[in-house]
Amino acid sequence: MGFRSGSPSHPSRVNVGILLLLPTVLILLFIGIFPLLFAVYTSFHTYYLNRPELGQPFVGFNNYLTTFANPFFWKTLGVTGKFMLLTLPAEFLLGILVAVIMSKNILGGQVIRVLLITPLTVTPVVIGLIWRLMYNPQFGVINFFLGSFGILPIDWLGGAQVSLYSVAIVDIWQWMPFIMLICLANILAIPTEYFEAAVIDGASKWAIFRYITLPFLAPGLVAVLIIRTADVIRTFDMVYIITRGGPGTTTELVSLYVYRLGFKIFDLGHACAISILLLFATIVISQVYLRLFYREI
Amino acid sequence: MKKSHLNSLVAYIPLFVLVGLAIFPLYWMVATSLKPKIQTFAIPPVWVFKPTLIHYYTAIFEKQLARAFFNSLFVATLNALLSVFVGSLAAFSLARFNIRGKNHIWFWIITNRMLPPVVLVVPIFVVASYFKLLDTRLILILVYTTFNIPLATWIMVDFFRKIPRELDEAAMTDGCSHISAFFRIILPLSVPGLVTSSIFCFIFAWNEFLFALILTRSGARTMPVLASTFMTGYGILWGLMCATGTMIALPIIVFCLIISKYLVRGLTLGAIK
């Protein structure tokens with residue numbers, strides 16, 4: 001990895017290079033940057049989509065200040081943070097565990113792997129749909145199964161405390177295979193000599209995992225951790241379908257809150273202010289990722 | 001790879017449980033789409049039933065499912081083609097040429113990929129409505145490039161970096177220009193990369209929900225949004241929803257199963273040293 005991409009900067013070479021980049025840059029500029037500039041502009045004004053008579057007066061940093069003073073904003077950050085804490089460790093632990101199991105030579109391993117990946121291939125909207133069906137408190141399959149073990153029915157999506165856990169379970173269901181896949185690929189790339197030497201030296205299974213497997217997994221895990229953190233901020237589709245952010249706002253992740261602000265309350269000024277804050281968070285996250293993994297391109 | 005056959009059932013049992021957990025929800029959706037309405041919420045759940053196509057029939061002929069299917073297909077295909085084409089050009093430029101500010105452009109491209117759609121959806125809605133592009137397939141094709149072009153670029157850059165520079169140079173000493181070397185030598189060699197990025201771009205465009213929800217009404221509505229419309233204020237039309245869900249998910253699942261090799265490669269990109 002990492003070709004030194006310096007080549008003699010002959011003018012015609014560089015021109016071709018610029019020409020090749022141009023379509024991408026132009027398209028992303030128009031569809032990416034231009035709306036962002038508009039968002040920045042709007043965040044400094046008051047703009048209620050449903051009250052055009054108010055105009056769009058300039059209000060400086062007012063929207064931002066109001067956001068920080070707004071308890072709903074902090075609530076939604078709390079929900080998002082809690083969601084991350086619920087899903088990421090579980091996904092990673094399960095993913096690593098399953099990857100270790102899958103790395104052994106198992107009959108039908110290929111088939112099993114493909115089957116295990118299926119949650120990743122399903123549309124998030126559809127995932128929300130299916131789990132909403134299964135989580136139904138009176139008639140859903142899940143409570144039925146639990147009932148046959150004598151467990152009382154749980155109001156998965158209606159109980160204020162439970163709802164976030166229910167959504168987290170779905171997210172784990174969906175993304176654990178992703179982590180498993182990455183870890184599996186990394187484990188399979190470890191040269192066998194390491195393992196053979198360890199076995200000869202009489203190392204325990206745990207020691208092998210801790211001193212050989214884990215170090216090789218570490219870079220990949222960090223990469224995925226960063227990617228998944230950025231993903232949680234982006235999560236919208238599945239949660240929207242499964243709970244719409246409810247009951248109340250107990251599962252309202254940041255992205256759902258911005259959506260509600262912009263398209264239910266029509267308060268575009270605030271929605272854009274929070275969007276810009278999210279943009280900063282994304283830039284920070286991607287900087288970390290790039291610094292670690294793509295020092296130069 | 002550690003070559004020790006796991007004969008013991010100890011490993012198989014958790015794996016089977018996991019596979020069951022992975023597959024069951026999908027099975028349940030397909031089953032519900034084929035069950036008569038009364039049996040959707042039957043207690044105990046009905047496992048053996050006489051399948052009916054009534055939900056599909058209603059969805060296609062009364063609820064615009066065929067149109068939504070076409071919209072999804074049209075938008076996803078065109079967007080994938082556009083994104084991969086433009087992205088490959090950019091990727092080649094980034095992988096081979098030494099342009100000032102290249103790292104900044106790369107950073108900006110990656111950040112676009114990580115950007116929450118919510119950030120863009122409000123301004124794009126206002127801009128699109130100004131240009132009278134709301135509820136068109138075109139706006140979706142354009143908007144989806146914000147995450148698909150970076151994705152295609154990302155995947156192709158990795159592929160191009162693996163192709164030795166000597167190949168370009170050999171071609172150019174034989175009299176090719178850069179562009180010509182690109183089309184004749186490099187591109188054919190990077191077909192796996194093109195396939196992988198096309199697949200992912202297609203899948204992400206096909207699955208996309210938020211932009212489609214905001215930017216379309218009944219004209220250019222895609223299937224994920226159509227599915228959400230079955231959650232009415234009066235209750236959820238489960239049969240219709242599951243039928244739509246099956247139409248959304250099944251083509252992709254089947255497709256992914258067929259090309260699972262490429263899929264694994266693309267998904268693990270950037271996370272393997």
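Values as computed for the structure displayed
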| item | result |
| --- | --- |
| Cα gyration tensor category, rounded, prolate or oblate, for region B:120-268 with a/c compared to 1.5 | oblate |
| Within a Gaussian network of chain A (alpha carbon springs, distance under 10 Å), most fluctuating of A:LEU77, A:LEU253, A:LEU28 | A:LEU28 |
| Computed magnitude of the charge dipole of the protein assembly as shown (debye, nearest 20; Cβ of K, R +1, Cβ of D, E -1) | 240 |
| Angle between chain B longest axis and helix B:117-130 axis [Cα atoms, degrees, rounded to 10] | 90 |
| Computed label-point distance, nm, for sites A:ASN105 and A:VAL199 using a 7 Å Cα→Cβ extension | 0.9 |
| A:HIS45 long-range amide H proximity, modeled H, under 5 Å | A:VAL59 |
| Reachable aspartates and glutamates from A:LYS264, criterion Cα separation under 15 angstrom, eight or more residues apart if same chain | A:GLU252 |
| Residue mean of other protein chain beta carbons inside 10 Å, B:14-22 | 5 |
| Residue-averaged [θ]222 nm for the protein assembly as shown, counting only DSSP H segments that reach four residues, each worth -39500 (n - 2.57) | -22500 deg cm²/dmol |
| Straight-distance crosslink candidates among aspartates and glutamates, where the alpha carbon sits under 17 Å from B:LYS102 and sequence neighbours closer than 8 are dropped | A:GLU296, B:ASP158 |
| Dipole of the protein assembly as shown, positive direction: furthest Cα of A:SER286, A:PHE216, A:PHE38, with charges on the beta-carbon | A:PHE216 |
| Fully extended contour minus Cα-Cα distance, from B:PHE16 to B:GLU166, at 0.36 nm per residue | 49.2 nm |
| Within 10 Å of each Cβ in B:243-253, the average number of Cβ atoms from other chains | 4 |
| Cβ neighbours within 10 Å from other chains - mean over B:157-166 | 2 |
| Subset of A:LYS104/B:LYS162; B:LYS35/B:LYS261; A:LYS205/B:LYS261; A:LYS82/A:LYS205; A:LYS104/B:LYS261 violating a 25 Å alpha-carbon distance limit | A:LYS104/B:LYS162; B:LYS35/B:LYS261; A:LYS205/B:LYS261; A:LYS82/A:LYS205 |
| Coarse-grained scattering of the protein assembly as shown at q = 0.06, 0.09, 0.11 Å⁻¹, given as base-10 log I(q)/I(0) from a Debye sum over alpha-carbon atoms | -0.32, -0.74, -1.11 |
| Distance between region A:233-297 and region A:144-212 - C-alpha centres, whole angstrom | 27 |
| Residues A:PHE72 and A:ASN50, FRET efficiency given R0 of 22 Å [Cβ-Cβ distance, rounded to 0.05] | 0.70 |
| Calculated FRET efficiency for the pair A:LEU188/B:ARG184, C-beta based, R₀ 35 Å, to 0.05 | 0.50 |
| Residues of region A:226-254 with amide N under 11 Å of a point placed 7 Å along Cα→Cβ from A:ILE265 | none |
| Around B:ARG184: net Lys/Arg minus Asp/Glu count, Cβ-Cβ under 11 Å | -2 |
| Relative contact order of region A:189-285, defined on C-alpha pairs under 8 angstrom at six or more residues apart (%) | 17 |
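Read-outs throughout are calculated quantities, based only on the coordinates presented, and are distinct from any laboratory measurement. All values derive from a computational prediction rather than experimental measurement. Heads up, the Cβs are rebuilt from the backbone with ideal geometry, glycines too, and the neighbour counts pull from every protein chain shown.
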